[in-house]
1. Suppose each label sits 7 Å from its Cα in the direction of the beta carbon; what would the VAL61-ARG110 distance come out to in nanometres?
2. What ranking, highest mean first, results for peptides 123-130, 143-150, 199-206, 173-180 when packing means the other Cβ atoms within 10 Å averaged over each residue?
3. Excluding LEU203 itself, calculate the net charge of residues whose Cβ lies under 10 Å from the Cβ of LEU203, where each Lys or Arg counts +1 and each Asp or Glu counts -1.
4. Can you list the HN-Hα couplings for the range 5-14, worked out from phi with the Karplus curve (6.51, -1.76, 1.60; θ = phi - 60°), rounded to whole Hz and with x for Gly and Pro?
5. If I stretch the segment between ASN11 and THR214 completely, what's the gain in nm (0.36 nm per residue apart, minus their alpha carbon distance), one decimal?
6. If you count, for each residue, the other Cβ atoms within 10 Å and average over each peptide, how do 116-122, 163-169 line up from highest to lowest?
7. What is the packing order of peptides 50-56, 10-16, taking the mean over residues of other C-beta atoms within 10 Å and listing the highest first?
Amino acid sequence: MAKYRPEVPGNYVFNLDSTFDNYLYVIDPRSSEILVNNVDCNDDGGSGFNAKLTVNLETGVDYLIICAKYNPGASLNSADSNIIRLQISQTGLPYIPNNPEYLQLKLLSRSGFIVYDWLVRIYNPNPYAAHVTYNSKMCFESDAKNFTGLKDLVTVTIPSYSSIAVTIKGNGTAGWITTSIDYSYCGQGYRRVACANGLSGSLTMNAPVNTQITYK
């Protein structure tokens, strides 16, 4: 048995590899029942007789991982491998509860001449880490609001109630900065865009424009 605490929420794949028929349990310990019922388990989801399981995990939780023989009462013998290898990887969009709060933007400094570069604080006001994508160059209004036609995208992870400072490069007459959170909910993909224009040397900007885009 082992514990696993993910640093980022999302869909995680647990993949077992051994010479014998194995079984895998991923247990959320936060059950309020006398018998734990927050259990995901698998037998032959992987290659051969190996177990494989995909589970949505949250941050701040020590999940219990149990790797065992398919028949827990059978003991290992000399013909069995003495090692069960467990691979854990993240896949797909991050798992985030529906309707996350929009990112918050603040100007920190300006540099350059005529065409300015901006140091921008991106704050995640949600109680969970978020994958955040921003365009590292300023862009035009339609691209900023619709998050399309962007060629300088950067993706980072911002912990809960935390911020990072990023540089947005000047780009001719383009005057918008844009950011987004992508997430999935009930099998549907969503993008929450926070963008702004009207950046000034006094480190003010117009009120950010917040919009949600739905996609599959």
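Laboratory data are not the source of any read-out in this text; all were calculated from the coordinates shown. Model, not experiment: these values are computed from the prediction. Virtual Cβ from ideal backbone geometry, glycine too; neighbours counted across all protein chains shown.
1. 4.6
2. In descending order of packing, they fall as 173-180, 123-130, 143-150, 199-206.
3. +2
4. 10, x, 7, 10, x, x, 8, 10, 9, 10
5. 71.1 nm
6. 116-122, 163-169
7. Those peptides, ordered most packed to least, come out 10-16, 50-56.
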